[in-house]
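A.B. asks: Before we start, here is the structure in question, set down as structure tokens.
The values are calculated or read from the model by the stated rules, or taken from the named source; none is laboratory data. It should be emphasised that the depicted structure is a prediction, and the values quoted were computed from it without experimental measurement. Please note: Cβ atoms are built from the backbone with ideal geometry, for glycine as well, and neighbour counts cover all protein chains shown. SASA here: full protein model, heavy atoms, side chains in, ligands and nucleic acids out. Shrake-Rupley method; radii C 1.70, N 1.55, O 1.52, S 1.80 Å.
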Amino acid sequence: MSRVRPLEAADIDQVAALYLATFIRRGKSPSEDLIACLGEFYLSGPTVDPQIPSLVHVNGKGAISGFVGVNVVPMKFSDNRLRAAFGGTLMVRDREQDPMAGARLLKAFLSGPQDLSLSETANTTSLEMAKALRGVAFASYSLEWMRILRPAAFACDMALRKSSLRAWALPAARRLDRLHGWSGYAGARVAKDAAQTAKAEPVKHVDAEAFAASVEILISHYQLRPDWPGLQLRHVVREAFEKPLYGQPVAALVTAPNGSPIGAFLYHLREGGVGRVLQMLALPGREAKVMDCLLADADRRGAAGLRGRTHPAFLEAMLGRKMLFANVTNTVAFCRDEAIIDCFRRGQALANGLAGESWGRHIGGNFS
């Protein structure tokens, strides 16, 4: 008979094989690096809480047929401290044979002692299960935004980013973009406007330690926000920098004339490709400045474009900047406290990115 139980160290090989088959490539054995990465993230890392463990689904034959990964983030809601558990990497093998496995995993996760349960990676199937279990999805946290800077290179990178043909096609695409000359492309005019605006705001490129040191200042205005211990925050940011599939990390602080940070951004960029923005932060009223600095920085580096996850604080700043939006995965919250749910509805909760699951090295790591 199938059952759900906490993840154990002996399970990691099977979980890694399931992860590889679900998210990367079928028919291969997981590398030692992938096994070690998942073991650290879900068993021994600083966001592991033994009281709120990751869970596996074991089928009638004793094999692991499903998994939900959990990382726990201490949070502050106004003056109250609480534990938020992020349930991600929900995966089930042979769903047709046991169609309720995913629901069992999700229900077991929600029965834990955490004050708030969240997911930032709920796909269509997971979203339907979440709604059936009284989860609330938030559209303003669940959109992926895209900004085209070089249209031919953008199309090339999006279509061939996992193909060996990219190396051959990208130079031709970049020549086509240069030939285009940006003369009639509205997106280029916006990029140039952003560059002019960004000139007035000093941008300082920083390493992981300096970026981490700025985070607490830049999130202090959120009513619901992570309350990381210092060592945990530095660990999260260091891991977030390591995403070789997405490219090299680019992190910067946007500063006021006196040198104090008013915003920050972190993205990863492969040469000539589409940069993946993991985190944007800004003090209230400075979101447009930070967005312009980000666009200008990516344009100077020859990026084909940018993509990232929306946050309500930045949606208004995206107006007039020729953004495209798509809904791929969803941010969902489960909480009995309606005040916390309302906090999300008002955009006063910091979620996704560093305050979620996608900072983990297993996302964007080179394990194929």
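A.B. asks: Could you grab the pairs with beta carbons closer than 8 Å, sequence gap of 6+ or different chains, first residue in the range 232-258 and among the hydroxyl-bearing types (S, T, Y) and open to solvent by less than 30 Å² (accessible area, probe 1.4 Å), second one assigned to a loop (DSSP other than H, G, I, E, B) and modelled with pLDDT under 95?
C.D. replies: Pairs that qualify, where the first residue is among the hydroxyl-bearing types (S, T, Y) and open to solvent by less than 30 Å² (accessible area, probe 1.4 Å) and the partner is assigned to a loop (DSSP other than H, G, I, E, B) and modelled with pLDDT under 95, are T255/E201; T255/P202.
A.B. asks: Criterion first (on the phi > 0 side of the Ramachandran plot and open to solvent by less than 40 Å² (accessible area, probe 1.4 Å)) does G275 satisfy it? Walk me through how you get there before you give the answer.
C.D. replies: Values: on the phi > 0 side of the Ramachandran plot: no; open to solvent by less than 40 Å² (accessible area, probe 1.4 Å): yes.
For G275, the condition - on the phi > 0 side of the Ramachandran plot and open to solvent by less than 40 Å² (accessible area, probe 1.4 Å) - is not met.
A.B. asks: Among residues belonging to the range 216-249 that are under 17 Å from the mean Cα position of the chain (by Cα) and of a type in the set (D, E), point out the one that is nearest to R161 (Cα to Cα).
C.D. replies: It comes out as E242.
A.B. asks: Here's something else I'd like to know. Can you say whether H268 is surrounded by 14 or more Cβ atoms within 10 Å (Cβ to Cβ), at pLDDT 95 or above, not in a strand (DSSP E or B) and not charged (D, E, K, R), as far as the supplied structure shows? Don't jump to the end; show me each part of the working.
C.D. replies: Details: surrounded by 14 or more Cβ atoms within 10 Å (Cβ to Cβ): yes; at pLDDT 95 or above: yes; not in a strand (DSSP E or B): no; not charged (D, E, K, R): yes.
Here the answer is no, as H268 does not meet what is asked.
A.B. asks: Can you work out which of the residues in the range 107-144 that are over 29 Å from R321 (Cβ atoms), of a type in the set (S, T, Y) and surrounded by fewer than 16 Cβ atoms within 10 Å (Cβ to Cβ) is modelled with the highest pLDDT?
C.D. replies: Filtering the range 107-144 for residues over 29 Å from R321 (Cβ atoms) gives 107-117, 125-126, 128-135.
Still in the running and of a type in the set (S, T, Y): 111, 117, 125-126.
With surrounded by fewer than 16 Cβ atoms within 10 Å (Cβ to Cβ) added as a condition, the list becomes 111, 125.
Values: S111: 96, T125: 88.
So the residue we want is S111.
A.B. asks: May I pose another question? Looking at the range 301-320, I want the residues that are among the β-branched types (V, I, T) and have a partner that is modelled with pLDDT of 95 or more and not in a helix (DSSP H, G or I) with Cβ atoms under 6 Å, at least 6 apart or on another chain. Which pairs are those?
C.D. replies: Between residues of the range 301-320 that are among the β-branched types (V, I, T) and residues that are modelled with pLDDT of 95 or more and not in a helix (DSSP H, G or I), the close pairs are T310/L143; T310/W145.
A.B. asks: Which of the residues spanning the range 8-41 are touching a Pro at 6+ places or on another chain (Cβ under 8 Å) and either exposed (fewer than 15 other Cβ atoms within 10 Å of the Cβ) or free of Cβ contacts under 8 Å to residues at least 60 places away in the same chain (or both)?
C.D. replies: Step one: filter the range 8-41 for residues touching a Pro at 6+ places or on another chain (Cβ under 8 Å), giving 13, 16-17, 19-20.
D13, A16, A17, listed by residue number.
A.B. asks: Return yes when M75 is of a type in the set (A, V, I, L, M, F, W, C) and at pLDDT below 95 and no when it is not.
C.D. replies: For M75, the condition - of a type in the set (A, V, I, L, M, F, W, C) and at pLDDT below 95 - is not met.
A.B. asks: Condition (residue is within 17 Å of the chain's Cα centre (by Cα) and within 18 Å of S140 (Cα to Cα)) applied to the range 332-340: is it met by at least one residue?
C.D. replies: Checked against the condition, which is being within 17 Å of the chain's Cα centre (by Cα) and within 18 Å of S140 (Cα to Cα), the range 332-340 yields at least one hit.
A.B. asks: Also, I was wondering about something else. Taking the range 309-355 only, how many residues are on the phi > 0 side of the Ramachandran plot and either surrounded by fewer than 23 Cβ atoms within 10 Å (Cβ to Cβ) or in a loop (DSSP other than H, G, I, E, B) (or both)?
C.D. replies: Pass one, the range 309-355, residues on the phi > 0 side of the Ramachandran plot: 320, 322, 347, 352-353.
Pick out the ones that are also either surrounded by fewer than 23 Cβ atoms within 10 Å (Cβ to Cβ) or in a loop (DSSP other than H, G, I, E, B) (or both) and you get 320, 322, 347, 353.
Looking only at that region, the number is 4.
A.B. asks: Kindly list, by first and then second residue, each pair from a residue in the range 275-294 that is assigned to a helix (DSSP H, G or I) to a residue that is of a type in the set (S, T, Y) and buried (at least 24 other Cβ atoms within 10 Å of the Cβ), limited to pairs with Cβ atoms under 8 Å and residues at least 6 apart or on different chains.
C.D. replies: L294/Y267
A.B. asks: Can you pull out the residues in the range 42-78 that are polar (S, T, N, Q), buried (at least 17 other Cβ atoms within 10 Å of the Cβ) and free of Cβ contacts under 8 Å to residues at least 60 places away in the same chain?
C.D. replies: Those that are polar (S, T, N, Q), buried (at least 17 other Cβ atoms within 10 Å of the Cβ) and free of Cβ contacts under 8 Å to residues at least 60 places away in the same chain: S54, N59.
A.B. asks: Quick check, is R147 basic (K, R) and open to solvent by less than 40 Å² (accessible area, probe 1.4 Å)? Quick ask: steps written out before the conclusion?
C.D. replies: Details: basic (K, R): yes; open to solvent by less than 40 Å² (accessible area, probe 1.4 Å): yes.
Answer is yes for this residue.
A.B. asks: Only one residue in R104, R81, R95, R5 is part of a strand (DSSP E or B) and open to solvent by 70 Å² or more (accessible area, probe 1.4 Å), so which one is that? Full working, then the answer.
C.D. replies: Details: R104 fails: part of a strand (DSSP E or B); R95 fails: part of a strand (DSSP E or B); R5 fails: open to solvent by 70 Å² or more (accessible area, probe 1.4 Å).
Exactly one of R104, R81, R95, R5 is part of a strand (DSSP E or B) and open to solvent by 70 Å² or more (accessible area, probe 1.4 Å), namely R81.
A.B. asks: So D297 ticks every box in (1) in a strand (DSSP E or B); (2) under 15 Å from H205 (Cβ atoms) but one. Which box is left unticked?
C.D. replies: Failed condition: (1).
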